[in-house]
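Read the figures in this text as sums done on the coordinates, not as results from a lab. Here the structure is a predicted model, which means the values were calculated and not measured. We place every Cβ from the backbone using ideal geometry, glycine too, and count neighbours over all the protein chains shown.
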Amino acid sequence: MHTTRFVTLTLAAGLLATVPLGTAGAQRAVARPAPAPGATSLRLGLVGGLSLPAGDLGHAADAGAALGVRAEGPLRPARWSVRGDLAFDRFGGRGGVDAYSYASLAGSLVHREGVGRFYEYGGLGVYHARTSFVDALTRSDTNLGVQFGIGATFTSRAPRWFAEAGFTSAFTSGRSSIWFPVRVGFWL
């Protein structure tokens, strides 16, 4: 019962994070000119950073590392885009666990504020969780999960550097797999 309520609240918060805070922003976004015909606007990016475990995972693991690649393409209105992330997060374990690792494929909606420096994102993904024990045994399963967060772009020319902080929850069975990724990356 509590898990269902938590999942529902997590999904609702993730969706609300992608909703613009007013109609004035939406009106300015519609007024932007469309990209030139034939111009490709698909962007590819590389990210890396730190993942801070929370909940049950936080009690059983240390801070981890995050690596990923992503692609992003525009939607209409111009302030919105869709993003795909392929990511790997690994946490050192405690006690009888050597490591917890999560390989994920996620899709998110991205909303950019103002001139595009600040953004919010939120979406769903498929998370493959693997627990490696010190006695060389492993356990793995694949589940759905959510991710959402905020970020900022720092440069306007390639490579475009950015930083973001977020919330990730993989709906694993038996324990909560929650972490807060803090990532830095650039668009190629």
Farthest towards the positive end of the dipole of region 66-188, among 109, 154, 123 and with Cβ unit charges of +1 on Lys and Arg and -1 on Asp and Glu, lies the Cα of 154
Quick one: 128, 59, fewest Cβ neighbours within 10 Å first, how do they rank?
59, 128
Between the modelled labels at residue 80 and residue 184 (7 Å from Cα along Cα→Cβ) the distance in nm is 3.3 nm
Assuming R0 = 30 Å, can you tell me the calculated FRET efficiency for the pair residue 43 and residue 171, based on Cβ-Cβ distance, to the nearest 0.05?
0.55
So for region 77-120, averaging the separation of alpha carbon pairs under 8 Å that are six or more residues apart and normalising by length, what relative contact order in percent results?
41 percent
State the Cα centre-to-centre distance between region 146-188 and region 65-106 in whole Å.
7 Å
Whole-Hz Karplus ³J(HN,Hα) for region 103-114, in order, using 6.51 cos²θ - 1.76 cosθ + 1.60 and θ = phi - 60°, x for Gly and Pro?
9, 9, 10, 10, x, 9, 8, 10, 10, 9, 8, x
